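Written below as structure tokens is the structure these notes are about.
The values are calculated or read from the model by the stated rules, or taken from the named source; none is laboratory data. Model, not experiment: these values are computed from the prediction. Cβ coordinates were reconstructed from backbone atoms using ideal geometry, including for glycine residues, and neighbour counts include every protein chain displayed. To get the accessible areas, we keep the full protein, side chains included, count just its heavy atoms, and leave off ligands, DNA and RNA. Shrake-Rupley method; radii C 1.70, N 1.55, O 1.52, S 1.80 Å.
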Amino acid sequence: QSATAQAESPPRRKERPWQAASFVEMSKTGSGADLRKFMEKRLDLKLTANRHVVGVLRGYDQFMNIVLDNTVEIVSPTEKNEIGMVVIRGNSIMMWECLDRVK
């Protein structure tokens with residue numbers, strides 16, 4: 001390899017807005033996100049495959065798998081399906097917003 005090839009550094013990744021600020025505290029022991037403050041609160045979730053659900057957080061684990069109750073799937077602005085209690089794999093959660101006030 002030439003000296004210029006060795007001196008080149010790998011391209012820097014662009015900082016994404018959602019990486020700039022963390023709203024969920026991570027525990028120092030590696031046991032996952034601390035979501036206690038969101039328990040019993042309504043969450044609006046955007047999932048992979050363009051899915052969108054709203055429900056009340058009832059439980060979670062260290063992989064951010066969550067249990068939502070009174071869940072409504074929002075298919076379109078005019079079509080909504082009540083699907084009740086569901087378990088959502090943490091890997092499929094792209095974004096969420098808490099719709100209730102958090103203390």
Exercise for the section: Name the residues whose placed amide hydrogens come within less than 5 Å of the amide hydrogen of A33, ignoring near sequence neighbours (fewer than 5 apart) on the same chain. Expected result: M64
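Quick one: dipole size for the range 41-88, taken about the Cα centre, charges +1 on Lys/Arg Cβ and -1 on Asp/Glu Cβ, in debye to the nearest 20. Write out the running numbers ahead of the final one.
On the way: 6 positive and 6 negative charges, 27 e Å.
With only Lys, Arg, Asp and Glu charged at Cβ, the dipole is about 120 debye.
Which sequence of M85, M64 reflects their accessible areas, 1.4 Å probe, from the largest down?
From most accessible down to least: M85, M64.
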Handout entry: Paramagnetic label zone (point 7 Å from Cα along Cα-to-C-beta, D69; backbone N under 17 Å) in the range 37-58
Key = 37-44, 54-58
Exercise for the section: Sticking with the crude label model, points 7 Å out along Cα→Cβ, report the distance from T48 to T78 in nm, one decimal please. Expected result: 3.2 nm
Handout entry: Accessible solvent surface per residue of the range 43-86, calculated while the other protein chains remain in place, 1.4 angstrom probe, Å²
Key = 58 Å²
